[in-house]
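Since every read-out is calculated from the coordinates, none of them should be taken as a lab result. The shown structure was predicted, so the numbers you read here are calculated from the model rather than taken from an experiment. All Cβ positions, glycine included, derive from the backbone under ideal geometry; neighbour counts span all protein chains shown.
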Amino acid sequence: MRASPLLSLTHWSTTEVPERLRYDYYAQALASAMFPIQVSTRPKSSFGVEMVAADLGSMTVIRQQGTPHRCFADKGNIAGASQRTFHLLVNGASGWTMDHMGRHRLGPGDILLSDSSIPFELNIDADFDFINVSLSEAWIRQWLPAPALLVGRRIEGQSGWGHALSAFLRSLEPARFEAYPLPMSFIGDHIGALLAFIAQDFSAPLTKLPKRDGGLFERIRDCMYQQSSHATLCAADVAAAVGVSLRSLHRCFARFDTTFGDTLIKMRCAHAVRMLESPIFRRLTIAEIGRRAGFVDASHFTRTLHARVGRKPSQIRRQCGAPDAPHNVTQED
């Protein structure tokens with residue numbers, strides 16, 4: 001690790017440590033630049049990453065280049081974070097998959113905004129060139145009063161304001177910030193303005209909504225995410241937890257063109273896919289994974305997951321190289 005004396009710039013390279021220590025080294029680098037994150041890759045795969053982070057105060061611009069791997073943060077990692085942050089992610093070199101408020105497949109140049117208070121799993125299948133802009137909660141709320149409008153949603157990087165933001169992000173080179181002709185605050189202002197335009201596009205049908213609705217929707221989704229694995233969770237429970245009437249809760253979902261039931265199923269499917277793909281849960285049967293995700297009936301779990309992600313639980317597990325757990329008697333329709 002090397003630090004620049006002029007700008008708050010830090011470099012990490014896995015070439016600085018023996019190969020057997022590279023995962024731990026990179027995980028420590030991620031924890032230092034962002035928050036605690038776990039790292040893994042396929043057996044016998046070589047692994048290497050170069051990372052540069054420029055701390056600009058309310059945001060940190062991080063460039064990461066390297067080889068395929070998987071990283072994730074669970075509730076334990078999140079509990080170890082010192083503060084809540086939001087992260088703009090774009091990979092200019094290859095496609096990638098993100099499980100965060102649902103499963104997303106993103107192409108080169110596509111953008112995703114993540115929330116550090118919500119578990120995620122990132123799978124990178126090819127050599128990558130990521131820009132990761134870490135944003136403080138105070139900063140992002142200056143531009144997006146309701147960040148939940150964009151969190152966990154794929155932002156198309158080939159058209160509209162998404163194209164402009166993607167191009168700007170991919171042009172950022174933290175190692176050269178000292179040579180930039182404009183104040184560093186320009187970077188934040190430009191990103192914030194483009195995010196505001198993108199949020200306006202996403203919420204175009206909702207322009208007449210009171211401002212409080214975005215914040216309420218975020219609180220409802222946060223509450224649901226924390227309890228979505230409870231099989232008995234119902235809309236009345238969530239309404240009581242966030243302090244609104246059941247009618248107001250359903251009205252809020254309608255204003256965002258979705259429903260309580262659809263949102264809950266998406267969250268449960270995201271939980272299930274994360275467990276099916278993770279080696280940590282390979283000893284669990286498919287039925288048990290469905291139960292832990294909030295599905296009572298194994299057959300219903302299989303049908304729902306297939307309808308939502310296009311693959312049965314056993315297919316997801318096999319594609320990730322994890323064998324079915326012993327005595328797995330789940331029937332798949």
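General observations
- Rounded FRET efficiency, nearest 0.05, which uses the C-beta distance separating Arg251 from His300 and R0 of 22 Å: 0.20
- Rh by Kirkwood over Cα pairs, then Stokes-Einstein D for region 95-157 at 0.890 mPa s and 25 °C, µm²/s: 196
- Region 230-289: Cα Rg divided by the 2.2 N^0.38 Å rule of thumb: 1.43
- Annotation for Cys320 and Leu182: the two label points, set 7 Å from Cα along the Cα-Cβ direction, are 4.2 nm apart.
- Derived value for region 212-258: Kirkwood hydrodynamic radius 10.6 Å. Basis is the mean of 1/r over every pair of different alpha-carbon atoms.
- Relative to its Kirkwood radius, the Cα radius of gyration of region 262-319 gives an Rg/Rh of 0.91.
- Kirkwood-based Rg to Rh ratio, region 208-320, C-alpha trace: 1.04
- Value of [θ]222 nm, deg cm²/dmol, for the chain, DSSP H segments ≥ 4, -39500 (n - 2.57) each, nearest 500: -12000 deg cm²/dmol
- Semi-axis lengths, largest first, of the ellipsoid equivalent to region 103-246 are 31, 19, 14 Å, with √(5λ) applied to each eigenvalue of the Cα gyration tensor.
- Glu173 versus Ala126: modelled label distance in nm, points set 7 Å from Cα along the beta carbon direction: 2.3
- Calculated log₁₀ intensity ratio I(q)/I(0) where the Debye formula runs over C-alpha points of the chain, q = 0.08, 0.10 Å⁻¹: -0.40, -0.63
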